[in-house]
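Everything on this sheet refers to the single structure shown next.
The values are calculated or read from the model by the stated rules, or taken from the named source; none is laboratory data. On a predicted model such as this, the values are computed, not experimentally measured, just so you know. Here the Cβ positions follow ideal geometry from the backbone for every residue, glycine too, while neighbour counts run over all protein chains shown. Heavy atoms of the whole protein, side chains included, go into the accessibility calculation; ligands, DNA and RNA do not. Shrake-Rupley method; radii C 1.70, N 1.55, O 1.52, S 1.80 Å.
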There are 2 protein chains.
Amino acid sequence: MATNQDCELCAGPGGELLWEDDVCRVVRVGGAEGAAFPGYCRVICRQHVAEMSSLSAGDAHRVMDVVLATERALRTIVEPDKINLASLGNLVPHLHWHVIPRWRDDSHFPAPIWAAAQRNAKPRPAVGGTRLQQALKTELSTLTDTP
Amino acid sequence: MATNQDCELCAGPGGELLWEDDVCRVVRVGGAEGAAFPGYCRVICRQHVAEMSSLSAGDAHRVMDVVLATERALRTIVEPDKINLASLGNLVPHLHWHVIPRWRDDSHFPAPIWAAAQRNAKPRPAVGGTRLQQALKTELSTLTDTP
């Protein structure tokens, strides 16, 4: 398993750990981003690679299956108006997916969360890690282990 | 096949068409975005659905395989420092993936392209549709038709 001692996503979980297997883990994003977009998760590859196309086809399918299970869990428990998915990694080139619930009245909608804020949004209820973990477990239990 | 008569990605290709199958198409992005990030492509789902998790597992794998074939084609022909992938759709809720080559000296790096520009970047050579199409064809020929 390739790791990099200078990489923060090799050194630590990168958020509150909700689930993991041999290929990737799901973490809950905290701080201001987590408060603004309750349920915001990241799916972080275990291997230190920068790009999805550097994974084997099987591992890439697995990572995407976990991303989509996370998306389904969020659609079920926070009922957002939209889900945004992104793998950027310009600052931390260790493959990780942003799975971000969006609402029409959130601080940035319809712009991406990395653009300038559009408004002061009213606070939205937080989503506890246990609730997220349970919803994820339900969605991930329907996945097969083979790509 | 679900379509929506008010949707611009149901009504038109959404860019210069490079490749298509029954599930999705790949288009080259033109205009200022295409000029700033030469090789920028979008992979657009044929069905009018907003979210990846609304597709069947097979169609979702197929779309991701095409996204990753596009990523590989770009890595080969434009050799970017990073690839950014995103499915947002807040403005046009018809599933489409951004496949964006990034360079350390581009206008926005390391920020996402939707954030404020970081600098005036010097123009980068354009990438012709034919060259992209050929590289895509090579990458897509290695995919099997089954998910």
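Residues that are closer than 25 Å to A:P101 by Cα, at least 3 per element: which strands (runs of 3 or more DSSP E) completely within region B:1-61 meet that?
The qualifying strands (runs of 3 or more DSSP E) are B:41-45.
Taking region B:71-83 as the search range and keeping residues that are at the interface with chain A (Cβ under 9 Å from one of its Cβ atoms) and under 14 Å from the mean Cα position of the chain (by Cα), which one is farthest from B:V43 (Cα to Cα)?
Checked region B:71-83; the qualifying residue farthest from B:V43 (Cα to Cα) is B:R75.
For region A:80-130, what are the residues that are of a type in the set (G, A, S), in contact with a His (Cβ under 6 Å, 6 or more places away or on another chain) and surrounded by 18 or more Cβ atoms within 10 Å (Cβ to Cβ)?
Within region A:80-130, A:A86 is the sole residue that qualifies.
Does B:A111 satisfy the condition of being at the interface with chain A (Cβ under 9 Å from one of its Cβ atoms) and in a strand (DSSP E or B)?
Criteria not met by B:A111.
Which condition number does B:A36 fail, the rest of (1) touching a residue at least 24 places away in the same chain (Cβ under 8 Å); (2) buried (at least 18 other Cβ atoms within 10 Å of the Cβ); (3) within 12 Å of the chain's Cα centre (by Cα) being met?
With (1) touching a residue at least 24 places away in the same chain (Cβ under 8 Å); (2) buried (at least 18 other Cβ atoms within 10 Å of the Cβ); (3) within 12 Å of the chain's Cα centre (by Cα) applied to B:A36, the lone miss is (3).
Consider A:M64 against the criteria (1) within 14 Å of another protein chain (Cβ to nearest Cβ); (2) open to solvent by 10 Å² or more (accessible area, probe 1.4 Å): it satisfies all of them except one. Which criterion is unmet?
The single condition A:M64 does not satisfy is (2).
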